[in-house]
Amino acid sequence: MSLRQIVVEWLDDNYHFGEAASLIRDDEMSFLKNGILDSLGFVQLVLFLEKRLGIKIDRKQLSPKNFDGMGKILAFVAAVPGYTGPR
């Protein structure tokens, strides 16, 4: 399963009940501005990714710059030291 699929599955399970993939029209769209996630959802998603992927995300880096969109999430997680891909 790809990282994209993991994020979409989490969104489906926690927020969008099977509709996440259709709501995310492109990788650059803002999750905040388009109602995909709210600020609490970002924190929950980060905690989930840490646990699911076995990584540690510095809390200082929790910002829309790094997590407000699929493309930003994928790029940020790929650059986390020790990340070797989905498990």
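Give the residue, chosen from PHE67, PHE42, that is in contact with a Pro (Cβ under 9 Å, 6 or more places away or on another chain) and either over 25 Å from PHE17 (Cα atoms) or at pLDDT below 95 (or both).
Working: PHE67 fails: in contact with a Pro (Cβ under 9 Å, 6 or more places away or on another chain).
Criteria check complete, one pass: PHE42.
Any residue at all in the range 21-33 that's assigned to a helix (DSSP H, G or I) and among the acidic types (Asp, Glu)? Show your work before the answer.
Of the range 21-33, the ones assigned to a helix (DSSP H, G or I) are 21-23.
Add one more test, that the residue is among the acidic types (Asp, Glu), and what stays is none.
Checked the range 21-33: no residue is assigned to a helix (DSSP H, G or I) and among the acidic types (Asp, Glu).
Each row is one residue, and each column tells you yes or no for (1) in contact with an Asp or Glu (Cβ under 7 Å, 6 or more places away or on another chain); (2) more than 20 Å from PRO86 (Cα to Cα); (3) of a type in the set (A, V, I, L, M).
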residue	(1), (2), (3)
GLN5	no, no, no
GLU9	no, no, no
ALA21	no, no, yes
ASP26	no, yes, no
MET29	no, yes, yes
SER39	no, yes, no
ARG59	no, yes, no
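Per the listing ILE73, ILE6, ILE57, the residue uniquely hydrophobic (A, V, I, L, M, F, W, C) and part of a loop (DSSP other than H, G, I, E, B) is ILE57. I'm trying to understand the selection: among the residues of the range 46-66, which are closer than 13 Å to LEU3 by Cβ and among the hydrophobic types (A, V, I, L, M, F, W, C)? Within the range 46-66, PHE48, LEU49, LEU53, ILE55 qualify. Take the conditions (1) over 21 Å from ARG87 (Cβ atoms); (2) of a type outside the set (Val, Ile, Thr); (3) out of contact with any helix residue (DSSP H, G or I) (no Cβ under 7 Å at 6 or more places or on another chain); (4) touching a residue at least 12 places away in the same chain (Cβ under 8 Å); MET1 misses just one of them, which is (1). The residue that is surrounded by the fewest Cβ atoms within 10 Å (Cβ to Cβ), among those in the range 11-48 that are touching a residue at least 40 places away in the same chain (Cβ under 8 Å) and of a type in the set (A, V, I, L, M, F, W, C), is MET29.
All of LEU37, LEU23, LEU32 fail the test of being more than 16 Å from LEU53 (Cβ to Cβ) and touching a His at 6+ places or on another chain (Cβ under 7 Å), apart from LEU23.
The values are calculated or read from the model by the stated rules, or taken from the named source; none is laboratory data. For clarity, every value in this text was computed on a predicted model and none was experimentally measured. All Cβ positions, glycine included, derive from the backbone under ideal geometry; neighbour counts span all protein chains shown.
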